[in-house]
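What follows is calculated from the coordinates using simple rules that are stated; it is not laboratory data. On a predicted model such as this, the values are computed, not experimentally measured, just so you know. Cβ sites come from the backbone with ideal geometry, for glycine too, and all protein chains shown count toward neighbours.
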Amino acid sequence: MPTLFERIIAGELPATIVHRDDRVTAFLDIRPAAPVHILIVPNKAIATVNDIADEDESLMGHMVIVARDLARQQGIADSGYRLIVNCNSDGGQEVYHLHLHLIGGRHLGPMVQRA
Ligand code: AMP
């Protein structure tokens, strides 16, 4: 079964795409946590951080470079932003296709709630 994000990448599900190249697709999060909330997704299906192969090293770097450029385009590079990758259940991962959240446009507060 293809994941939700594979279907978005294939154009089978609607999304607001803000960047696409041969390695990654980036689109607006459907339930934004902040004024800017973009998901940067590898075009190839990788389920979680645990499934990243050594050969994916440059793809992972490319995802961060795309996030950097999108932050500039969105005008939040100087004010700041957060990049998040959730992994598995304790990490709060909902969609099992690796993705980098680019979140900004407001003060985000502490990284995680302290118990
Ligand atoms: P995560 O919890 O890290 O797996 O994040 C999954 C993210 O995907 C959440 O922030 C959701 O709001 C977002 N999401 C789920 N379905 C869609 C969709 N169809 N289009 C865009 N974003 C989505």
Val18 being among the β-branched types (Val, Ile, Thr), surrounded by fewer than 19 Cβ atoms within 10 Å (Cβ to Cβ) and assigned to a helix (DSSP H, G or I) | no
Please give the number of the condition His37 fails out of (1) within 12 Å of the chain's Cα centre (by Cα); (2) farther than 22 Å from Gly11 by Cβ; (3) surrounded by 14 or more Cβ atoms within 10 Å (Cβ to Cβ).
-> (2)
Hey, could you check the stretch 10-42 for residues that are in contact (Cβ under 8 Å) with a residue 24 or more places away in the chain and in contact with a Lys or Arg (Cβ under 7 Å, 6 or more places away or on another chain) and say which is nearest to the ligand (Cβ to nearest atom)?
-> Ala34
Output yes when any residue across the stretch 43-64 is within 16 Å of the ligand (Cβ to nearest atom) and on the phi > 0 side of the Ramachandran plot, and no when none is.
-> no
Kindly provide the set of residues from the stretch 65-90 that are touching a residue at least 12 places away in the same chain (Cβ under 8 Å), within 16 Å of the ligand (Cβ to nearest atom) and not in a loop (DSSP other than H, G, I, E, B), ordered by number.
-> Ala67, Leu70, Tyr81, Arg82, Leu83, Ile84, Asn88
